[in-house]
1. Among 268-278, 146-156, how do they line up by average Cβ neighbours within 10 Å per residue, starting with the highest?
2. Nothing charged except the Cβ atoms of Lys and Arg (+1) and of Asp and Glu (-1): what's the magnitude of the dipole of segment 98-236 about its Cα centre? Round to the nearest 20 debye.
3. Can you tell me the dipole magnitude for segment 168-321 around its Cα centre, using point charges on the Cβ only (Lys, Arg +1; Asp, Glu -1), in Debye to the nearest 20?
4. If packing is taken as the mean number of other Cβ atoms within 10 Å per residue, what is the order of 34-42, 11-19, highest first?
5. Leaving out ligands and nucleic acids, note down the accessible area per residue over the chain with a 1.4 angstrom probe, in whole Å².
6. Within the chain, which whole H helices from DSSP have a Cα span along their axis of at least 24 Å and a mean Kyte-Doolittle hydropathy of 0.5 or more, if any?
7. What's the ranking of 45-56, 252-263 by average number of surrounding C-beta atoms within 10 Å, highest first?
8. Just to make sure I understand: if all protein chains stay in place, what is the order of 209, 133 by accessible area at 1.4 Å, largest first?
Amino acid sequence: MTPVPAARSTTGYWIGFAVVLGLLIVAPLVLPPFWQRFATEILIWGLLAMSSDILIGYTGMVSFGHSAFFGLGMYGAAAALLSVKPPSLWLATLYGLVGAGLVAVFVAYFATRLRDIYFAISTLVFSQIFYVILFTWTEVTGGENGLTFSQPALSLPGLASTRFTPITFHWFALAVVTLSYVMVRRITQSPFGMVLQSIRENEPRTRAIGYHVERYKMVAVMLSGLFAGLSGVLYALQNKFAAPDFVFFAVSGEVVIFNVMGGMGTLVGPFAGAAFFLLLREALSRYLTEYYLIPLGVIFVAMVIFVPQGLLGFLRRRLNQ
């Protein structure tokens, strides 16, 4: 009799997933232009936060270096769009993933040899190294002015290509984010994902029963970096711009905030956290201008104290009561 509640829970989950997906599909058709773009940005930042959740929520490794993967994804896409004619959407995606993947391999090789706060500091240092390189290598990266490029057309094999509109780009980003979510969910529920959670709960015991912890950590960092790079590609395609500011460690700090606010170790929580933070920042900045960070910081501290499990965890607890 025990599988029945689990089956009901799974069915309810997928019903909720379908409802949210349907609302996101319809959203750009009813929202004004500004909020169409804002909804797309929430999806992209949510994907970046979800990639970070692979490390923070499932492996127990706090990373302050996700801005490097995000930024290299942007610059990889920019390199393809500026060097290859005609511009190719899929080549830009490939370049961005390769750029972020190479950086992830480099960071994973060195940073995973450290634990706890030392791992977090090492990822921050690596992100700052790449920031300085991108900021000073003006001939290639454009320096502080960044790189601008045209948006490629949406082309599918065997079908005619068409120019992106805000609505079609939202649907494209939604398709990419949805596929990424399903893939990451499958990974975290696989035996590999179970080992990552074992490392989070008790690393010495995981090592003692025979798992090569460092290899699992390296793969986790590389996977996380790839999905972060994919979010960078989407952001570059939407804004037709790449700049070193997106590699600065402040971006990584915001990603950690998204996870804390939404709920770590849930995959969905980072999306909720990104939406809540960005909407709150937008609302406060309209009325408080340069002082909006003060109430934003107070709200974040209050959530850490009173809702440490995040928005999703709080909602789950309320529903179970």
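1. 268-278, 146-156
2. 480 debye
3. Dipole of segment 168-321, to the nearest 20 debye: 500 debye.
4. Packing order, densest peptide first, comes out as 34-42, 11-19.
5. 50 Å²
6. Both cut-offs are met by 3-30, 33-56, 66-83, 89-111, 116-136, 166-188, 213-239, 268-288.
7. Descending mean neighbour count gives 45-56, 252-263.
8. Largest accessible area first, the list is 209, 133.
The values are calculated or read from the model by the stated rules, or taken from the named source; none is laboratory data. Here the structure is a predicted model, which is why all the values come from computation and not from measurement. When we count neighbours, we look across all protein chains shown, and the Cβ atoms used for this are built from the backbone with ideal geometry, even at glycine. These accessible areas exclude ligands, DNA and RNA; they are computed on the full protein's heavy atoms, side chains included. Shrake-Rupley method; radii C 1.70, N 1.55, O 1.52, S 1.80 Å.
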